[in-house]
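Working notes, beginning with the structure itself.
Read the figures in this text as sums done on the coordinates, not as results from a lab. As the structure is a prediction and not an experimental result, all values here were calculated from the model. Because the Cβ atoms are built from the backbone with ideal geometry, glycine has one as well, and the counts that use them run over all protein chains shown.
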Amino acid sequence: MLADTERLFPKITDEALDDLRRRIGVRIGATAEPWCYEATRDNIRHYAHGIGDDNPLWCDPSYAQGTKYGDVVAPPSFLFATDRIISGYVGGLPGVHAMWSGADWKWLKPVRRNDEIKTEAVLKDLIERDTSFAGRAVQQIYNVKFYNQHGDIVADADSWCFRTERDHAREKGTKYADLKKRAPRRYTDEELAAFYRLYAEEEIRGAMPRYWEDIAIGEPLPAMAKGPMTVTGFIAFAQGWGGLYIRANKLNWRQVHAHPGLGIKNRFGIPDCPERVHWEEEFALRVGAPGAYDYGPERCSWLTHHMTNWMGDDGFLRRATCKIRRHNPAGDLLIITGKVTGKRVEDGRHLVDIEQEARNQDGELSVLGTGVVELPSHG
């Protein structure tokens, strides 16, 4: 264990927190540009494929021409690619780790092909927490509003990160103490075949309407598989979403020069971004994680994928929440389940309430979610 004088990473200080609190409610100006300014055909498809979603409503213009939209539209979670702040690009507390941990999305309009998206963001709140992962932590909550080229608001979302002290998480965190003692899991072909069966049986509702009147409270949603978790899969998501700090050559030098806290030296002594916890096992362990792990917005997108598969082309996802409960390190298998918990008519809309959870191969809770889906009505 390192002595206090040999700490590797900065700590959360009261002075830094006070400085950050002064930013609450202040509109955030220019920051890192988004991965996608526009919902082009390719941008939509790349994002959908990055979460393992091959719904033709997002990916196949010839299919989408026959829907009420007349062309491809973006999956709801595509908006993560249009704003860095909603995705976890946080300010303040330089050198203190940020883990994306949840969101509360509300959608008002679909994002159509070639829509241009602009955003407005504010720091909404800071809440100090005591956690088993890293002891003292700060929940940093942002609000982001999304507008199309016509000035229409298409979505409004809160998202939050937990700012944690990397040294404390590595040395004293108890959340993954048991997991780190386990031998690496190796699956049999039979275990993987049973898991892959969920992919073979995955149903995209598509053009067949799911009517509100036909839904019963307590009705389950089909289980959905995600995984097995691999670094390849994490990178596939980053290709569609864009990452937060993934830069090459001069652009990486410029980023680290402007924000020295982002340049954490690798084994060659070269400053590299903290985002490499998602593909570099050694660095993930240094910050207290159980290994290289998935992205938070990726997991949130899996939950919305679960619901859009179920609702069909004529449904509309009005709201979704996501609360991350643990990391999904490489090697994990994840199964998402859900059920209908309520239905109602509100302002002429026929709405269905959904609860979701996802558990890994050991039955450990990974994420909780809720949704509100608007469905067509026979009436």
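The angle separating the long axis of helix 189-200 from the principal Cα axis of greatest extent in the chain is about 50 degrees.
Kirkwood Rh and Cα-based Rg: tell me the resulting Rg over Rh for the stretch 1-154, rounded to two decimals.
1.08
Across q = 0.06, 0.14, 0.15 Å⁻¹, the chain modelled as identical point scatterers on its alpha-carbon atoms has Debye log10 I(q)/I(0) values of -0.23, -1.28, -1.45, in the order of the q list. Full extension of the chain between GLU191 and ASP156 yields a length gain of 8.5 nm, computed as 0.36 nm times the residue separation minus the alpha carbon distance. Site pair ASN114 and ARG325 shows an inter-label distance of 4.5 nm when each label is modelled 7 Å from Cα along Cα→Cβ.
With the Kirkwood sum run over all distinct C-alpha pairs, the stretch 222-304 has a hydrodynamic radius of 14.0 Å.
Between ILE28 and LYS180, the contour length at 0.36 nm per residue exceeds the Cα-Cα span by 50.8 nm.
Here the chain is assigned +1 on the Cβ of each Lys and Arg and -1 on the Cβ of each Asp and Glu. Its dipole about the Cα centre then comes out at about 900 debye. Modelled spin labels at ASP125 and TYR199, positioned 7 Å past Cα toward Cβ, are 4.0 nm from each other.
Computed across the stretch 23-88, the Kirkwood radius stands at 13.1 Å (inverse of mean 1/r, all Cα pairs). Here is the P(r) of the stretch 145-238: all C-alpha pair distances, binned every 5 Å from 0, give 2, 7, 8, 9, 14, 16, 15, 13, 8, 5, 2, 0 in whole percents.
Only one residue of MET311, THR131, HIS259 has its Cα farthest out toward the positive end of the dipole of the chain, where Lys and Arg carry +1 and Asp and Glu -1 on Cβ, and that residue is HIS259. Got a sec? Which residues in the stretch 268-312 would a label at HIS259 touch, if it sits 7 Å along Cα→Cβ and we count backbone N under 18 Å? So the set is 271-279, 295-298.
For the stretch 174-317, the Cα-based Rg and Dmax, in that order, read 20.1, 62 Å. Annotation for ALA216 and LEU285: the two label points, set 7 Å from Cα along the Cα-Cβ direction, are 5.1 nm apart. Across LEU351, LEU123, LEU251, mean-square fluctuation computed from a Gaussian network of the chain (C-alpha pairs under 10 Å connected) peaks at LEU251.
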